[in-house]
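To start, the structure under review is shown below, and the notes come after it.
Any read-out appearing in this document is the output of simple, stated calculations on the displayed coordinates, not a laboratory observation. A quick note: this is a predicted structure, and the numbers were derived from the prediction, not measured. Positions of Cβ are backbone-derived with ideal geometry, glycine not excepted, and every protein chain shown enters the neighbour counts.
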Amino acid sequence: MSDPKPTYDPQWKEKYKSLLASPAEAVRKIRPGQRIFVGTGCGEPLELVSALTKRAHDLSDTEIVHLLTFGEAPYAHKEMTQYFRINSFFIAENVRGVIQEGLGDYTPVFLSDIPRLFNSGRLPLDVALIQVTPPDENGICSLGVSVDIVKSAADNAALVIAQVNPRMPRTLGDTHIHVLDIDVLVPSDQPILEIPPTEIAEETQQIAEYVASLVDDGATLELGIGRIPHALLSFLSGKKDLGIHTEMITDDIIPLVEAGVITGARKTLDRGKIVASFCLGTKKVYDFVDNNPAFSFHPTEYVNDPFIISQQHKMTAINTALEIDLTGQVCADSIGSKFFSGVGGQVDFNRGASRARGGKAIIALPSTAKNGAVSRIVTQLTPGAGVVTTRADVHYVATEYGVVYLHGKSIQERALALITIAHPKFRPQLLKDAIEARYLSAELADKETKIVAGPKELRTTHLLPDGMQINFRPIQPTDEPNMRHLFYTLSQSTIYYRFMEHLKRIPRKQIQDFTYIDHRNDVAVVGTIPEAHGEDIIAVGRYYLDKKTNRAEVAFVVQDKWQGRGIGGFMLNHLIKIARRNGISGFTAEVLQTNRAMQAVVQKSNCRVRSKLIDNVYSYEMEFE
């Protein structure tokens with residue numbers, strides 16, 4: 001996608017000769033005690049950073065502020081802390097050590113707020129060290145792969161020193177700075193920092209697959225920092241007209257753009273454009289974004305503005321966490337009292353997406369850490385851990401064991417939901433701790449072995465003739481309220497056909513018996529449709545295995561207004577496939593003589609069917625082919 005012709009003025013060095021300096025000459029303009037901003041990510045001006053560090057002995061009491069840097073940070077070596085004090089808005093590996101030792105600072109702040117700190121003078125900048133493209137014939141430089149807070153820093157710093165590099169991609173959008181707004185130009189011809197793709201673990205792929213199921217056609221995506229959001233991209237090849245409005249893009253975006261999956265055709269704002277504020281990747285993605293009109297890079301104050309984000313129809317934000325407690329509090333920047341990363345844009349996008357029409361705010365995390373030794377889902381956050389996303393802000397949470405929806409749910413509902421997607425070996429202790437904390441009722445103590453998320457093989461979808469999609473998944477403990485709601489929406493005739501008695505109410509224990517199952521001997525699936533609060537259950541099917549005969553009794557019910565549309569037949573055949581995979585030889589069913597609809601469903605199943613009528617009840621035996 002690169003333009004083969006130079007996108008800059010070949011005579012720029014001659015035109016702006018008076019502004020040119022070597023790295024050493026440029027940093028001589030910096031005085032002790034000043035606050036210096038260093039450019040972000042792969043746009044970090046490494047030659048200027050190196051020259052600055054060599055002057056350390058002359059620059060006592062100097063503060064260095066930055067967002068996220070991936071290059072070497074020689075100023076962060078322990079012996080340099082007597083001269084340089086680091087203040088990072090987001091902690092990368094290159095500065096984590098000195099900050100965790102108390103020799104550097106971390107400022108927790110929403111990414112969208114950082115430009116206001118600069119603009120308002122609450123965090124005045126004396127110097128900005130940045131990297132740009134050479135100027136074009138009109139004197140315009142591009143900030144390239146790192147626009148984010150760099151543009152605001154350059155606008156507000158008293159002294160702007162720019163490493164001018166022809167290898168920097170010229171990105172389009174609000175990325176421009178006039179050469180005369182730069183005080184010192186340092187010619188450079190060095191490769192831009194590259195971040196190669198990392199190997200994706202199996203659990204990460206599973207989380208990404210679950211998250212992909214939440215992404216609708218036409219959705220606009222934000223992909224936060226971390227392996228999970230970017231592993232997600234490989235599971236989106238079947239989607240249509242996706243849009244991108246995100247802080248960061250990587251190499252992983254390229255195949256989806258080339259395949260026509262990412263078009264931005266349904267975006268509310270910046271239609272047809274991929275909007276980002278910085279780029280982390282390899283030369284492949286740098287060449288792809290270079291002078292490419294499909295991309296529109298903007299500073300953080302636009303990209304991370306929750307009001308802008310909320311205007312995107314079906315805005316879907318995917319971010320990660322280090323830990324989450326059973327009430328839904330999300331820690332994303334520290335491990336206990338040790339600061340690890342940063343607040344970043346998680347809250348900006350979480351709030352923006354949750355307010356968007358059809359929007360989804362998703363927090364994704366592996367269920368364990370330290371090679372499975374500790375659970376990331378905990379009863380209470382580790383002492384010292386900070387809350388980045390509050391329990392009132394959390395919506396979807398995903399692990400490799402499934403996805404749950406927490407917003408608007410009670411503490412009991414949240415605790416149950418999160419336990420079902422915790423690692424199985426930690427679920428019993430989490431249940432016990434939740435009961436002791438009074439998050440859950442003591443009557444659930446005997447459900448220890450049945451708080452499970454059903455296997456993903458039970459999931460499927462069914463498209464009705466009118467285009468409506470019904471999602472089928474394993475039943476789970478958190479379905480108790482929706483199951484109760486389903487029962488009270490059923491007509492008396494449907495209730496009678498299903499339970500063979502007239503019921504005005506259904507005991508809570510019976511509902512729990514439906515929802516707390518082991519998914520081995522008892523298997524149950526629910527048919528759901530998406531709603532603003534998550535989903536509604538419109539159908540449920542279940543079989544109960546008789547180990548003596550290796551046959552299972554099957555039963556199901558469909559909400560009245562959805563009957564006659566083939567849902568029952570589809571659900572029965574889905575249960576048959578599950579049972580056959582589990583080595584079950586057939587089903588049995590009891591059907592009232594007057595329930596002709598159910599009889600028709602059974603007769604149309606892919607089974608050898610035998611029946612006998614006893615006291616107005618057909619007893620069916622369905623032998624699998």
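Net charge near Asn582: determine it from the other residues with C-beta under 14 Å of the C-beta of Asn582, scoring Lys and Arg +1 and Asp and Glu -1. Neighbourhood net charge equals +3. Taking amide hydrogens as placed 1.01 Å from N in the peptide plane, the amide H of Thr220 sits under 5 Å from those of Gly243, Met315, Thr316, each at least 5 positions away in sequence or on another chain. Less than 5 angstrom separates the built amide H of Ile335 from those of Phe340, all sequence-distant by 5 or more or on a different chain. For the range 84-159, the fraction of C-alpha pairs more than 22 angstrom apart is 34%. For Ala201, neighbours were defined as the other residues whose beta-carbon sits under 12 Å from its Cβ, and their charges (Lys and Arg +1, Asp and Glu -1) total -3. Can you give me the long-range amide H partners of Thr389? Hydrogens built in the peptide plane at 1.01 Å from N, cutoff under 5 Å, separation of 5 or more residues or another chain. Counting only residues 5 or more places away or on other chains, the set is Val330, Ala332.
Can you pull the one-decimal nm distance between simple spin-label points at Gln11 and Asp174, each 7 Å off the Cα toward Cβ? That separation, rounded to one decimal, is 3.4 nm. Within straight-line reach of Lys450, meaning a Cα separation under 19 Å, sit the following aspartates and glutamates at least 8 residues removed in sequence or on another chain: Glu400, Glu413, Asp433, Glu436, Asp479, Glu480, Asp513, Asp518, Asp522, Asp546.
Rounded, prolate or oblate: which fits the range 413-506 when a ≥ b ≥ c are the square roots of the eigenvalues of the alpha-carbon gyration tensor, with rounded for a/c under 1.5 and prolate only if a/b beats b/c? Note, shape of the range 413-506 comes out oblate.
Would the range 456-624 count as rounded, prolate or oblate if I go by the C-alpha gyration tensor, calling it rounded below 1.5 in a/c and otherwise prolate when a/b exceeds b/c, oblate otherwise? Here the range 456-624 falls in the rounded category. Net charge dipole, the range 1-72: roughly 280 debye, given to the nearest 20, about the Cα centre with Cβ charges of +1 for Lys and Arg and -1 for Asp and Glu. As a check on your grasp of the helix formula, calculate [θ] at 222 nm for the chain: sum -39500 (n - 2.57) over DSSP H runs of n ≥ 4, divide by the residue count, round to the nearest 500. After summing the helix terms and dividing by the residues of the chain, the value is -6500 deg cm²/dmol. Placing a pseudo-label 7 Å from each Cα along the Cα-to-Cβ vector at Glu531 and Asn471 gives an inter-label distance of 1.4 nm.
Checking understanding here: applying a Kyte-Doolittle mean of at least 0.0 and a length along the axis of at least 27 Å (C-alpha), which whole DSSP H helices in the chain pass? Helices meeting the criterion: none.
Within straight-line reach of Lys447, meaning a Cα separation under 17 Å, sit the following lysines at least 8 residues removed in sequence or on another chain: Lys425, Lys432, Lys509. Backbone geometry of the range 401-407 corresponds, through the Karplus equation with coefficients 6.51, -1.76 and 1.60 at θ = phi - 60°, to 3J(HN,Hα) couplings of 9, x, 10, 10, 10, 10, 4 Hz, x marking Gly and Pro. Toward the positive end of the charge dipole of the range 450-550, with +1 on the Cβ of Lys and Arg and -1 on the Cβ of Asp and Glu, the farthest Cα among Leu458, Leu490, Leu545 is that of Leu545. Residue exposure proxy: Tyr439, Tyr497, ordered by other Cβ atoms within 10 angstrom of their Cβ from fewest to most, comes out as Tyr497, Tyr439. Relative contact order, whole percent, for the chain stands at 9, derived from Cα pairs under 8 Å and 6 or more residues apart.
Converting phi to 3J(HN,Hα) with the Karplus coefficients 6.51, -1.76 and 1.60 and the offset θ = phi - 60°, the range 295-301 yields 9, 10, 8, 9, x, 4, 5 Hz in sequence order, with x at every glycine or proline. Taking a straight line from the alpha carbon of Lys612, these lysines sit under 27 Å away, with near neighbours fewer than eight places off in the same chain left out: Lys547, Lys548, Lys577, Lys604. Extension gain for Glu501 to Ile200 (0.36 nm times residue separation, less C-alpha to C-alpha distance): 103.1 nm. Close lysine pairs were tallied over the range 12-187: pairs 8 or more places apart or on different chains with Cα atoms under 26 Å apart number 12. The range 411-425 and the range 65-108 have Cα centres lying 37 Å from one another. If only the Cβ of Lys and Arg carry +1 and only the Cβ of Asp and Glu carry -1, the dipole of the chain around its Cα centre is close to 1980 debye. A compact globular protein would have a Cα radius of gyration near 2.2 N^0.38 Å; the ratio found for the range 360-437 is 1.04. Panel order for Leu214, Leu129, Leu326, Leu236, by other beta carbons found within 10 Å of each beta carbon, from fewest to most: Leu214, Leu236, Leu326, Leu129.
Going from the fewest other Cβ atoms within 10 Å to the most, the residues Glu72, Glu623, Glu222 appear in the order Glu623, Glu72, Glu222.
Under 12 Å from a label point set 7 Å out along the Cα-to-Cβ vector of Lys509, no amide N atom of the range 518-557 is found. For the chain, dividing the convex hull volume of the Cα atoms by the residue count gives 157 Å³ per residue. Under a model in which nothing but the beta-carbon of Lys, Arg (+1) and Asp, Glu (-1) is charged, the range 350-450 shows a dipole of about 360 debye around its Cα centre. Listed values for the range 167-177 are Karplus-derived 3J(HN,Hα) couplings in whole Hz (6.51 cos²θ - 1.76 cosθ + 1.60, θ = phi - 60°), namely 7, 6, x, 8, 8, 9, x, 8, 10, 9, 9, and x replaces Gly and Pro. With a ≥ b ≥ c the root eigenvalues of the C-alpha gyration tensor of the range 340-387, is it rounded (a/c under 1.5), prolate (a/b larger than b/c) or oblate? Prolate, because a/c is 1.5 or more and a/b exceeds b/c. Alpha carbon centre of the range 232-277 versus the range 451-482: separation in Å? After rounding, the separation between the Cα centres reads 27 Å.
Run through the DSSP bridge list for the chain and note the antiparallel percent, rounded to the nearest 5. So the antiparallel bridges in the chain amount to around 50 percent. From the alpha carbon centroid of the range 301-347 to that of the range 368-387 is 17 Å. Annotation: for a label point projected 7 angstrom from Cα along Cα→Cβ of Lys370, residues of the range 402-427 with backbone N closer than 15 Å are 426. Here the scattering of the range 12-187 is modelled by Debye summation over its C-alpha atoms, one equal scatterer each and no solvent; at q = 0.09, 0.16, 0.17, 0.19 Å⁻¹ the log10 of I(q)/I(0) is -0.28, -0.90, -1.02, -1.28. Given R0 = 30 Å, the distance between the Cβ atoms of Asp446 and Ser585 translates into a calculated FRET efficiency of 0.45. Compactness of the range 202-420, taken as the C-alpha radius of gyration over 2.2 N^0.38 Å, stands at 0.98.
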